[in-house]
1. If I compute solvent accessible area with a 1.4 Å probe over the protein chains, what percent of it on the chain is carbon and sulfur?
2. Taking 0.36 nm per residue of separation and subtracting the Cα-Cα distance, what length does fully extending Gln198 through Gln142 add?
3. When the dipole is taken about the Cα centre of the chain, and only Lys, Arg (+1) and Asp, Glu (-1) are charged at their Cβ, what size is it in debye, to the nearest 20?
4. Rounded, prolate or oblate: pick one for the chain, where a ≥ b ≥ c are the square roots of the eigenvalues of its C-alpha gyration tensor, a/c under 1.5 means rounded, and failing that, prolate if a/b is larger than b/c, else oblate.
5. Put +1 on the Cβ of each Lys and Arg and -1 on the Cβ of each Asp and Glu in the chain; which of His173, Gly27, Trp143 then has its Cα farthest toward the positive end of the dipole?
6. Hey, rough spin-label estimate for Leu112 and Glu26, points 7 angstrom out along Cα→Cβ, what's it come to in nanometres?
7. Can you put Glu170, Glu87 in order of accessible area, largest first, using a 1.4 Å probe?
8. Which listed residue (Leu199, Pro37, Val127) has the Cα farthest towards the positive end of the charge dipole for the chain, taking +1 on Lys and Arg C-beta and -1 on Asp and Glu C-beta about the Cα centre?
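The values are calculated or read from the model by the stated rules, or taken from the named source; none is laboratory data. The structure displayed is predicted, hence computed values, not measured ones. Ideal geometry is used to build each Cβ from the backbone, glycine not excepted, and the neighbour counts take in all protein chains shown. Ligands, DNA and RNA are stripped out before the accessible areas are found, and what is left, the full protein with its side chains, is counted by its heavy atoms. Shrake-Rupley method; radii C 1.70, N 1.55, O 1.52, S 1.80 Å.
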Amino acid sequence: MPAEPYPETIPVPASVRFPVELEPPEGFCPEEPASWPRIDGRLEWVGGRLLYMPPCGGIQQGVSVSVVTILGQWQEERPDFFVGGNEAGMILGKDVRGAEGAVWRRDAVLPLIGRYIRVPPILAVEVGGREEGEPELRAKAQWYLAHGVAVVWLVLPKSRDVLVVTAGGESRHRPGERLPPPPALPGLEPAVERFFRQLPPAS
């Protein structure tokens, strides 16, 4: 059964830094999605801590939809791959993370079940927001690489660019450029401006 929402909440200052650590509810098991608290926001289990982030704001959610659209349209002609989105849940090591988008080889994730995927994706995509800027996402990218992910895209709405991070280094790409296709994902080289197509023109 899903864990009940936390019965008590308290107001916090607007300057609080996220993520905030929550006490796991009774019966919580990181491997079982049904045991996670039902709460408005985003949760991850990292380093033995249950971390909470508030729901995405308008800018972050709009860019996240573009991420999934880009990956999904690429996958339509490549059935050997599987694209996850909507906080794509994965267990890597003992941690549970959710990426805005991710790409696996289909044969690596079959059969699909109702639990988290336990295989590192080839590509993980994270989108910056009010609570997670470039420094926080850079740290998350290093976590992904350390857990077997080959390529991480950090999509940064504030600066309207994308940082591509691999074990071999990183590169920054701006509107008017295309991302370099990961070797294991042929043809995945979107134009940078596609990620930000739902946002108003940059001032």
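1. Numbers: 5990 of 11020 Å².
Answer for the chain is 54 percent, counting heavy atoms of protein chains only.
2. Numbers: separation 56, 0.36 × 56 = 20.16 nm, distance 2.84 nm.
Residue separation times 0.36 nm, minus the Cα-Cα distance, leaves 17.3 nm.
3. On the way: 21 positive and 26 negative charges, 105 e Å.
It works out to roughly 500 debye.
4. Working: a/c = 1.88, a/b = 1.28, b/c = 1.47.
Because a/c hits 1.5 or more and a/b fails to exceed b/c, the chain counts as oblate.
5. His173
6. Placing both labels 7 Å along Cα→Cβ, they lie 3.6 nm apart.
7. Details: Glu170 95, Glu87 65 Å².
Ranked list, largest accessible area first: Glu170, Glu87.
8. The residue sitting most towards the positive pole is Leu199.
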